[in-house]
Amino acid sequence: MDGKNDMGVFVKSQEKAGGESGQKAEERPAQEAAGEMPGRAARQDLWKYCTWAHYSQMILSFRLLGDNDWPDEKVLSCLYALSNHTEKHYEKIRIPKKGGGFRVLKAPDPLLKYVQKNLLHHVLEGLSLSDRAAAYHKKGDGGALCGTVENASAHRNKPLVLKLDIENFFGNITFPMVLHHVFSVRYFPPAVGNLLASLCCCGEYLPQGAPTSPAVSNLVMKPFDEHMEKWCRCREIVYSRYCDDLTFSGCFDPGETMKKTEGFLGVMGFELNRKKTRILSKASRQTVTGLVVNEKVQPSREYRRRLRQEIYYCRKFGVEEHIRHVREQKTFPNREEDSQNGSQRGSQCRRAPVLHSLLGKVNYVRLTCPEDVWFAEAEKWLREQLLQGADEDGKKDDEKKL
């Protein structure tokens, strides 16, 4: 096995072989989610004739440290050293939330991040997901990334929308869950599975901030997604999951759906965040992953109006002047430093990031409103401003060299 495609072929061949006593996945969701499926010891017998040399070759085939000239023993020693002390390779980062407070992320150091990226591309991306998972993966083979637009589109023009949120999603995904659902003995020898699961976790939990965590979370939630999709399909309910956001739409009893969802999440060790539960009728504004879905899937009217206003000010008064105006309305920790060094230079330093931010927002709007002429022209202007700025920076660099 070498890389993503080989891993995918290997997994599919194992699935065709009958897997766990011939049972279909949809017939065993609660047992599988809880990690209580019978026959685990029998499946471990699949690997009883494998030696340490076989395990080592399997690990090396994933190229977790890339292509290098290291001896095999050195590569394996490095990987096991990382896996035994992963918590020492993370740094806590605090990200401000829109509603106040902070979200704490755990960012891996360069070495562990490099290994995790290879693990993601060479192993995890070859494993199949539920089609109800709408985040962190590509559509089909080599297709575009799934995202908020695809997730919201499934719930367009529905009489009722129910939105649920999983409490402390990544923090409640434990090492045993990762080992059982992602690196099961069905596909990996125990020694290999333990190593890979350890490289994905920080201690006993899945860290929010590692490049492997989104894909791992989708794989852990696969039994839940498949079970909920089957249950909802029988009741003509549309279900999708975007990370920890669960959305249901159609004509249904929200109380019954919440009870069913909460019960199955409880089996897996999750809880609902009741504060974020929303029941939205057709008479109210129905939003799914930030997009209005009442009739047409698009960002809210307020979002589009604010974006138009911001771009209008940039075009009329100039980007630098707009930045200075915005800074006067907010408190910046480096305001005193900027005033000493000159506010103009501070504005110029922020010009490119502001333009990139605006361009990203315009592209977001145009994903759902490609026919909007105003935003199409705004995108063209923003790209021209970025090119102009790049040319000016290039001239300055040439002048410095002279």
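The values are calculated or read from the model by the stated rules, or taken from the named source; none is laboratory data. Note that this is a predicted model, so its numbers are computed, not measured. Neighbour counts are summed over all protein chains in view; Cβ atoms, including those assigned to glycine, are modelled from backbone coordinates with ideal geometry. Ligands, DNA and RNA are excluded from the accessible area calculation, which covers all protein heavy atoms including side chains. Shrake-Rupley method; radii C 1.70, N 1.55, O 1.52, S 1.80 Å.
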Helices (runs of 4 or more DSSP H) wholly inside the stretch 83-186 that include at least 1 residues being closer than 29 Å to TRP47 by Cα and in contact with an Asp or Glu (Cβ under 9 Å, 6 or more places away or on another chain): 110-122, 175-181
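Would you mind stating whether GLU73 is out of contact with any Leu (no Cβ under 9 Å at 6 or more places or on another chain), modelled with pLDDT of 85 or more, more than 25 Å from ILE173 (Cβ to Cβ) and open to solvent by 60 Å² or more (accessible area, probe 1.4 Å)? Quick ask: steps written out before the conclusion?
Numbers: out of contact with any Leu (no Cβ under 9 Å at 6 or more places or on another chain): yes; modelled with pLDDT of 85 or more: yes; more than 25 Å from ILE173 (Cβ to Cβ): yes; open to solvent by 60 Å² or more (accessible area, probe 1.4 Å): yes.
Taking the combined requirement at face value, the residue satisfies it.
For every residue, the table says whether it meets (1) among the aromatic types (Phe, Trp, Tyr); (2) in contact with a Gly (Cβ under 9 Å, 6 or more places away or on another chain); (3) part of a helix (DSSP H, G or I).
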residue	(1), (2), (3)
TRP231	yes, no, yes
PHE252	yes, no, no
LYS259	no, no, yes
GLU262	no, no, yes
SER284	no, no, no
TYR303	yes, yes, yes
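Within the stretch 217-239, is there a residue that is of a type in the set (Asp, Glu), touching a Leu at 6+ places or on another chain (Cβ under 9 Å) and surrounded by fewer than 21 Cβ atoms within 10 Å (Cβ to Cβ)?
no
Condition check ((1) at pLDDT below 90; (2) among the hydrophobic types (A, V, I, L, M, F, W, C); (3) touching a Gly at 6+ places or on another chain (Cβ under 7 Å); (4) in a helix (DSSP H, G or I)) across all residues:
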residue	(1), (2), (3), (4)
GLU321	yes, no, no, yes
ARG324	yes, no, no, yes
PHE332	yes, yes, no, no
ASN363	no, no, no, yes
GLU379	no, no, no, yes
GLU392	yes, no, no, yes
Identity of the residue in the stretch 243-299, among the small types (Gly, Ala, Ser) and in contact (Cβ under 8 Å) with a residue 24 or more places away in the chain, that ends up surrounded by the most Cβ atoms within 10 Å (Cβ to Cβ): SER249
Pairs where the first residue, in the stretch 117-135, is more than 15 Å from SER184 (Cα to Cα) and the second is among the β-branched types (Val, Ile, Thr) and assigned to a loop (DSSP other than H, G, I, E, B), C-beta under 6 Å, 6+ apart: LEU119/THR212; LEU120/THR212
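In the set LYS92, LYS113, which member is under 26 Å from ASP244 (Cβ atoms) and either crowded, with 20+ Cβ neighbours inside 10 Å or touching a residue at least 60 places away in the same chain (Cβ under 8 Å) (or both)? It would help to see each step written out before you state the result.
Details: LYS92 fails: either crowded, with 20+ Cβ neighbours inside 10 Å or touching a residue at least 60 places away in the same chain (Cβ under 8 Å) (or both).
Criteria check complete, one pass: LYS113.
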Single unsatisfied condition, LYS138 versus (1) modelled with pLDDT of 95 or more; (2) open to solvent by 40 Å² or more (accessible area, probe 1.4 Å): (1)
Filtered residue count, the stretch 62-95, keeping only those that are in contact with a strand residue (DSSP E or B) (Cβ under 6 Å, 6 or more places away or on another chain) and over 21 Å from ALA197 (Cα atoms): 3
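Which count do you get for residues in the stretch 188-216 that are open to solvent by less than 10 Å² (accessible area, probe 1.4 Å) and part of a loop (DSSP other than H, G, I, E, B)?
Of the residues in the stretch 188-216, 6 are open to solvent by less than 10 Å² (accessible area, probe 1.4 Å) and part of a loop (DSSP other than H, G, I, E, B).
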Given (1) of a type in the set (A, V, I, L, M); (2) farther than 16 Å from ILE59 by Cα; (3) touching a strand residue (DSSP E or B) at 6+ places or on another chain (Cβ under 9 Å); (4) in contact (Cβ under 8 Å) with a residue 60 or more places away in the chain, index of the condition ILE173 fails: (4)
